[in-house]
Amino acid sequence: MGHSSHGAARAGMVRRCARHGFTLVELLVVISIIGMLISLLLPAVQAAREAARRTQCSNNVKQIALGFHNFHDSHGFLPSGGWDWDAQPTYQGGKPVVGADQKAGWGFQILPYLEAGNVSDAGAVVAIGTALPVFFCPTRRSPQTVTQPDKYIPPLTGTTVDHALCDYAASNREQTGAVRRYKPVRIAEITDGTSQTLLVGEKRLNARLLGQPQDDDNEGYTVGWNEDTIRSTDEPPAPDRYRDTGDGEKLFGSSHPGVLHAALADGSVRPIAYTIDKTVFKSLGDRNGGETVGEF
């Protein structure tokens with residue numbers, strides 16, 4: 001009798017344990033629900049991350065615009081667009097030259113106003129090769145360099161040079177904008193109004209070829225008068241390309257969906273939609289054309 005009751009008790013325990021387990025069907029249902037929840041949450045997480053990256057990119061543009069203005073406060077004119085792509089930064093007495101004699105572009109010229117004066121003071125090789133986070137949109141990439149044969153005239157190293165790249169460009173290649181080749185622009189020359197004139201913004205690239213030297217992404221942020229740092233306003237901006245060939249076609253643009261971030265000559269930062277009217281965008285690029293831009 002005792003053995004029988006013990007056996008019955010053990011059988012009951014087995015049955016109770018069995019009732020607490022998952023069947024295969026139940027397990028598959030749970031996995032499916034978890035999968036659906038993840039698929040619903042993933043876009044929200046990605047959207048939150050992109051929002052944070054866009055905020056950082058907008059802040060980069062703001063810091064660059066402030067660099068332009070602080071440069072103007074110190075020297076009475078904005079940074080120039082530099083001379084030529086094969087001209088290295090100009091120094092005199094171990095210090096960077098300012099004004100029309102500086103052959104490097106605006107990116108090099110504003111370094112002291114981005115808390116990076118130690119970079120420009122360290123000499124051309126260091127400045128050209130130092131990748132600064134402020135020059136990179138986090139949606140597109142982390143700070144990046146490319147190594148190329150030394151093509152400077154006169155040669156800088158005689159071998160190769162590391163070039164720190166840049167995701168931002170000034171306006172414009174037509175030389176009607178706030179940044180001009182050779183001769184710097186004074187804010188007083190921006191007669192259309194600083195709130196109606198584009199200063200600097202994100203540039204369009206071929207995102208598939210990042211890290212490979214491209215015509216508009218190889219000389220880097222220090223370069224003088226080159227599509228790496230100067231873009232056109234004759235055509236409206238466009239999103240990044242994702243092809244095996246081609247570059248950004250000298251256009252403004254970005255890796256963000258729908259918009260790029262740009263600073264006007266008054267220092268304000270605005271999102272500009274790719275759908276902006278061509279005439280309006282061209283007018284934004286003209287410092288003294290007499291146009292009224294209005295809302296955009």
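For Thr160, what charge total do you get from the other residues with a beta carbon under 14 Å from its beta carbon, if Lys and Arg give +1 and Asp and Glu give -1? Net of charged neighbours comes to -2. Of the chymotrypsin sites (Phe, Trp or Tyr not before Pro) found in the range 197-267, those in coil by DSSP whose Cβ has at most 16 other Cβ atoms within 10 Å are Tyr242.
Please compute the Kirkwood hydrodynamic radius over the range 228-293, one decimal place, Å, based on all pairs of different Cα atoms. Intermediate values should be presented prior to the final figure.
On the way: mean 1/r = 0.0783 Å⁻¹.
One over the average 1/r among Cα pairs gives 12.8 Å for the range 228-293.
When the chain is described by a simple charge dipole with +1 on each Lys and Arg Cβ and -1 on each Asp and Glu Cβ, the residue from Gln212, Leu37, Asn70 located farthest towards its positive end is Leu37. Rounded, prolate or oblate: which one fits the range 126-258, using the alpha carbon gyration tensor with axes a ≥ b ≥ c (rounded when a/c is under 1.5, else prolate when a/b beats b/c, else oblate)? Cα axes put the range 126-258 in the oblate bin.
Charge tally for Arg270 (other residues, Cβ to Cβ under 12 Å; Lys, Arg +1; Asp, Glu -1): -2.
Please report, to two decimal places, log10 I(q)/I(0) for the chain at q = 0.12, 0.15, 0.16 Å⁻¹ as given by the Debye formula with identical point scatterers on the Cα atoms and no solvent. Log10 I(q)/I(0), no solvent term: -0.75, -1.09, -1.22.
Taking the charge dipole of the chain about its Cα centre, with +1 at Lys and Arg Cβ atoms and -1 at Asp and Glu Cβ atoms, the residue from Ser195, Thr275, Ala170 reaching farthest to the positive side is Thr275. Remark: the range 183-296 is approximated by an ellipsoid whose semi-axes, taken from the C-alpha gyration tensor as √(5λ), come to 25, 17, 11 Å, largest first.
Taken about its Cα centre, the range 72-190 carries a charge dipole of roughly 200 debye when the Cβ of each Lys and Arg holds +1 and the Cβ of each Asp and Glu holds -1.
Against the chain, whose longest principal axis is taken from its Cα atoms, helix 2-19 shows a tilt of about 30°. For the chain, the Cβ-based charge dipole about the Cα centre amounts to some 1580 debye (Lys, Arg positive; Asp, Glu negative; other atoms uncharged). Gyration tensor analysis over the Cα atoms of the range 124-182 returns equivalent ellipsoid semi-axes of 23, 19, 8 Å (largest first, whole Å). What's the angle, to the nearest 10 degrees (0 to 90), between helix 24-75's Cα axis and the longest principal axis of the chain? So the inclination is approximately 20 degrees. Here the dipole of the range 163-253 is about 240 debye; that uses its Cα centre as origin and unit charges on the Cβ of Lys and Arg (positive) and Asp and Glu (negative). Result for the chain in a Gaussian network model with C-alpha springs under 10 Å: among Asp73, Asp228, Asp121, the largest mean-square fluctuation is at Asp73. Of all the options His72, His261, His163, the one that moves most in a Gaussian network model of the chain with Cα springs shorter than 10 angstrom is His72. Panel values: the range 54-111, Kirkwood radius from alpha carbon pairs, Stokes-Einstein at 37 °C and 0.692 mPa s, translational diffusion coefficient 270 µm²/s.
Computed from the coordinates by the stated procedures, all read-outs in this text should not be read as laboratory data. Not measured: the values here are computed from a predicted model. No Cβ is skipped: glycine too gets one built from the backbone with ideal geometry, and neighbour counts run over all protein chains shown.
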